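The values are calculated or read from the model by the stated rules, or taken from the named source; none is laboratory data. The model shown is predicted, which means the values in this text are computed figures rather than measured ones. Here Cβ is always computed from backbone atoms with ideal geometry, including for glycine, and neighbour counts include all displayed protein chains.
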Amino acid sequence: MITITKVGVIGSGIMGSQIVAHLANAGLDVVLLDMVPEGAAQRDQLALQALERMKKANPAVLTHPRNIKRITIGNIEDDIELLKSCQWIVEAVVEDIEVKRTLYKKIDRVRRPNSIVSSNTSTIPVKALVEGMTKPFQQDFIITHFFNPPRYMPLLEMVTTNRNRKEIEAEMEEFAEKILGKGVVHCKDTPGFIANRIGSFWMTLALRKAIEMDISVEVADAVLSKPFGVPKTGVFGLMDLVGIDLMPKIAKSLLEYLPDNDHFHRVYENFPLVTNMIETGYIGRKGKGGFYRLHTDGDIKEKEAVNLQTGEYAPAKKVNMEIIDQAKKNVRLLLTSDEKASRFAYEVMIPTLAYASRLVPEAADSIDAIDKAMRLGYNWKWGPFQLIDKLSTDTQSGAAWLAEQCTLLGMAVPENISAVGTGHFYHDEGRDIMVFSGPEQYHVQPVPDYGWTLADKKRGAKPLLKNGSASLWDVGDGVVCLEFTSKMNSLDPMVLELIQKSIALVKDQQYKGLIIGNDSDNFCVGANIGVLLFTANVAAWKMVDDVIKQGQSTYQSLKYAPFPVVTAASGMALGGGCEMLLHSDAAVVHMETYTGLVEVGVGIIPGWGGCTEMLVRHQKMRLKEQSTAAALGRMFSRISLVKTVNMMPAITKVFEYIATAKVSTSAEEAKEMGILRDSDKIVMNRQHVLAEAKAKCLALAPNYKAPEPDTLSLPGKTARTALHMGIQQFERRGKATPHDVVVSKALAYVLSGGDTDITKQLSEQQVLDLERAAFLELIQTPASLARLEHMLDVGKPLRN
Ligand code: NAI
């Protein structure tokens, strides 16, 4: 792989500053330069301001505050020489070709030979950017188009041309995928590349049709979102999110560079409503509001939507349309219904799908590049060609139907649509996905061995085990993968049962190890509290006790299994999901993993070993800290400083995390919290998590020995007294509610070791028993039941 350790970024605006943060999160050193503003007292002012914004950004752009130390700032007049040490230079200045080209000349004078220079331009093709530049510059210049926000949006559109050195395309793809965690889509050198070209067409047409057909923004967003696998922001919510002021800028550039016969010219119009909104500061969420705004009247906050005809705001209406529910069965039902909203969806989606299908081979070589770009760049669940296939019925392919609709609308049928004819763009063949690549031609969609999904392993295979909430799959080379299939991947007795059966199967059939992971956005939201509330409501306390026991013994079986267990997480890993990370031999997680023990929010404490395991982890961390201090002490004074571990700081930390239901904002933070070990692997690319977990499992398998049980030395009452003082202070300051106090005291009892003292060693089972007893006591209180009920009803914790 290409060696890039230091990157220069020029432009510290919206994109430049966030790209810098992402590069620093990926462990790279970064130089950030911007221009010197006229008359500025501080010549690095713009880059300095960007650093300040990075620290405060919400959602956070840094995965850990310390990453900012990797960034060196300066300005392009005084510090351009800093680029000499960079292997890659990213230009992210204003979308103005002259500004960019002037800058390239400066960069070319100082950059090191063979360093890669790339532009983050949204619309301008390479050939226009590099015209007249030196040959070496042209050989090293590409486009790397990040999507906003770069930390969270996985798409990276990459444009290389035949002017480039041959190896650049593959090398930069590998670097971007592995180190930056991006999903790379290769685009041809055409204006707007893929995602924004389709996205701009789609949004502009939706705006135009909504105005023409008098469709409200709420209805437009409802019909254009869920039925098509589009995020619920739809079109208008999305424009508010990205900034309405950006629309005319992108459109201007697209109109300038797209050929005259491109259909975008036909749909674009400068709508007075939008111009007026921009002029009056209604540019979306970053401004006073946009197509939606939040109207505040005292304590009351109300969402309002703009009337596209009058420009006036009125309370946003909830949209309940039967046709949207029916579209779940087949989205064609929505497009063919007589309702006005359906007609609107039809008039937007048919031309959009046709427009997208024309982009192969114009903007991309393959249809899956187009689909991937829309999935990763716009969060569509299905790309345009996948959507066309979804329009199929038993008797007619989606493409054949779309061809008919194009003709009805007076549009030429796109070549790909005619070519696929009565067939589909995708179909499964055994374990492969076949992708349409020309008349009667399909190719196998490649699956890299470092980036497979569980779906890739499941295709054409049968599970080894399965029940209503989980399944077990053979993922090759002697490794099995346990997948949750319950609602939101919550944990219930059936999941626990399948874990037990999986452990037995791995032992009996001599598999090498087990990974626990899935393809969902969220690894696991924790225990199914519906089941818990049900048993509590009928006062089936024995059953509750049994579930806790079953959970504890299952998690202990995972921890002490005679083979390696590796948890592969991303997104939320809460409560029981977090406990799974804690009980594995190793974890491989995506950087975007949000994990914590959040049980207090529903009036209970972690009961499946979360408290015990956090104590074990923090005891080890303390021991390590103390040994380091002792080693230093010996070095300087020849006296050993510590013989026994002082557990109080460890207990206080664990108490703080659990009592406040703290959730990590990244995997890096989860390490600091002790949920992940230093040795656990953080992966930047979500798609690589399972493959890395399997590799870790295989690495641990030879001569694997289960861990030895730990003992804990907990101080008992003295620790509890200290924790109680803290609780009282919180209560006095109004930061703890009455039931927070009850729950925190129960937690303090467990974490201090109950009625023990520092001279005694407690076994894990003894602490687990304390956990179970506290859990049972809390669940029987009306206030905890009220918390559980509230969470199920409104999805938020009750502060009682
Ligand atoms: P911005 O307006 O937030 O920042 C532009 C930056 O360029 C500022 O830091 C400014 O000081 C600097 N700049 C202006 N004139 C300069 C000059 N003569 N020399 C050096 N620096 C100069 O713009 P934004 O949104 O960050 O866009 C930057 C690039 O990224 C553009 O090419 C844009 O098309 C592209 N882009 C923007 C996205 C977005 O959502 N904003 C998304 C993807 C790409």
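Helices (runs of 4 or more DSSP H) fully within the stretch 516-602 that include at least 2 residues being free of Cβ contacts under 8 Å to residues at least 60 places away in the same chain and closer than 30 Å to GLY478 by Cβ: 541-559. Listed by first and then second residue, the pairs linking a residue in the stretch 629-655 that is of a type outside the set (A, V, I, L, M, F, W, C) and modelled with pLDDT under 70 to a residue that is outside any helix (DSSP H, G or I) and buried (at least 17 other Cβ atoms within 10 Å of the Cβ), with Cβ atoms under 8 Å apart and 6 or more places separating them unless they lie on different chains, are THR644/SER713.
If only residues of the stretch 30-56 that are buried (at least 17 other Cβ atoms within 10 Å of the Cβ) and under 24 Å from the mean Cα position of the chain (by Cα) are counted, the one that is nearest to SER666 (Cα to Cα) is MET54. Within 24 Å of LEU376 (Cβ to Cβ), surrounded by fewer than 22 Cβ atoms within 10 Å (Cβ to Cβ) and within 16 Å of the ligand (Cβ to nearest atom) - does that describe any residue in the stretch 270-282? No; the residues of the stretch 270-282 include none that is within 24 Å of LEU376 (Cβ to Cβ), surrounded by fewer than 22 Cβ atoms within 10 Å (Cβ to Cβ) and within 16 Å of the ligand (Cβ to nearest atom). Taking the options ARG285, ARG293, name whichever one is under 21 Å from PRO149 (Cα atoms) and surrounded by 14 or more Cβ atoms within 10 Å (Cβ to Cβ). After ruling out the rest, the residue left standing is ARG285. Please tell me if GLY410 is in contact with a helix residue (DSSP H, G or I) (Cβ under 7 Å, 6 or more places away or on another chain) and at pLDDT 95 or above. Spelling it out, it is not the case that GLY410 is in contact with a helix residue (DSSP H, G or I) (Cβ under 7 Å, 6 or more places away or on another chain) and at pLDDT 95 or above. A count restricted to the stretch 500-515 and to residues that are surrounded by fewer than 17 Cβ atoms within 10 Å (Cβ to Cβ), part of a loop (DSSP other than H, G, I, E, B) and touching a residue at least 40 places away in the same chain (Cβ under 8 Å) stands at 0.
Of the residues ILE97, ILE80, the single one that is among the β-branched types (Val, Ile, Thr), within 12 Å of the ligand (Cβ to nearest atom) and either in contact (Cβ under 8 Å) with a residue 60 or more places away in the chain or under 18 Å from SER17 (Cα atoms) (or both) is ILE80. For the stretch 10-29, the candidate set comprises residues that are β-branched (Val, Ile, Thr), modelled with pLDDT of 95 or more and near the ligand (Cβ under 10 Å from one of its atoms); within that set, the residue that is nearest to the chain's Cα centre (by Cα) is ILE19. Just so you know, in the stretch 5-56 the residues that are in contact with a strand residue (DSSP E or B) (Cβ under 7 Å, 6 or more places away or on another chain), small (Gly, Ala, Ser) and in a loop (DSSP other than H, G, I, E, B) include one that is farthest from ILE116 (Cα to Cα), and it is SER12. Can you find a residue in the stretch 48-58 that is in contact with a helix residue (DSSP H, G or I) (Cβ under 8 Å, 6 or more places away or on another chain), without any contact (Cβ under 8 Å) to a residue 24 or more places away in the chain and more than 16 Å from the ligand (Cβ to nearest atom)? So far as the stretch 48-58 goes, yes, one or more of its residues are in contact with a helix residue (DSSP H, G or I) (Cβ under 8 Å, 6 or more places away or on another chain), without any contact (Cβ under 8 Å) to a residue 24 or more places away in the chain and more than 16 Å from the ligand (Cβ to nearest atom). Within the stretch 100-119, the only residue that satisfies the criterion of being surrounded by fewer than 14 Cβ atoms within 10 Å (Cβ to Cβ) and near the ligand (Cβ under 9 Å from one of its atoms) is THR102. Across the stretch 235-263, which residue is nearest to the ligand (Cβ to nearest atom) among those that are part of a helix (DSSP H, G or I), under 22 Å from the mean Cα position of the chain (by Cα) and among the hydrophobic types (A, V, I, L, M, F, W, C)? Once the filter is applied, the top-ranked residue is VAL242.
Flag not set for PHE201, criterion: touching a residue at least 40 places away in the same chain (Cβ under 8 Å), of a type in the set (A, V, I, L, M, F, W, C) and within 24 Å of GLY27 (Cα to Cα). Going by the conditions given, is MET203 closer than 26 Å to GLY410 by Cα, within 16 Å of the ligand (Cβ to nearest atom), at pLDDT 95 or above and buried (at least 22 other Cβ atoms within 10 Å of the Cβ)? So MET203 fits the description; yes. A count restricted to the stretch 161-183 and to residues that are part of a loop (DSSP other than H, G, I, E, B) and surrounded by fewer than 21 Cβ atoms within 10 Å (Cβ to Cβ) stands at 8.
If you go through the stretch 747-786 and keep only what is surrounded by 15 or more Cβ atoms within 10 Å (Cβ to Cβ), closer than 15 Å to VAL544 by Cβ and touching a residue at least 60 places away in the same chain (Cβ under 8 Å), you end up with GLU771, ARG772, ALA774, PHE775, LEU776, LEU778, ILE779, THR781, SER784, LEU785.
For the stretch 169-200, how many residues are away from the ligand (no atom under 16 Å from the Cβ) and among the hydrophobic types (A, V, I, L, M, F, W, C)? Final tally of qualifying residues: 4.
Applying the criterion of being more than 24 Å from LYS696 (Cβ to Cβ) and aliphatic (A, V, I, L, M) to the residues of the stretch 423-473, the residue that is surrounded by the most Cβ atoms within 10 Å (Cβ to Cβ) is VAL435. Residues in the stretch 787-800 that are surrounded by fewer than 17 Cβ atoms within 10 Å (Cβ to Cβ) and without any contact (Cβ under 8 Å) to a residue 12 or more places away in the chain: ASP793, VAL794, GLY795, LYS796.
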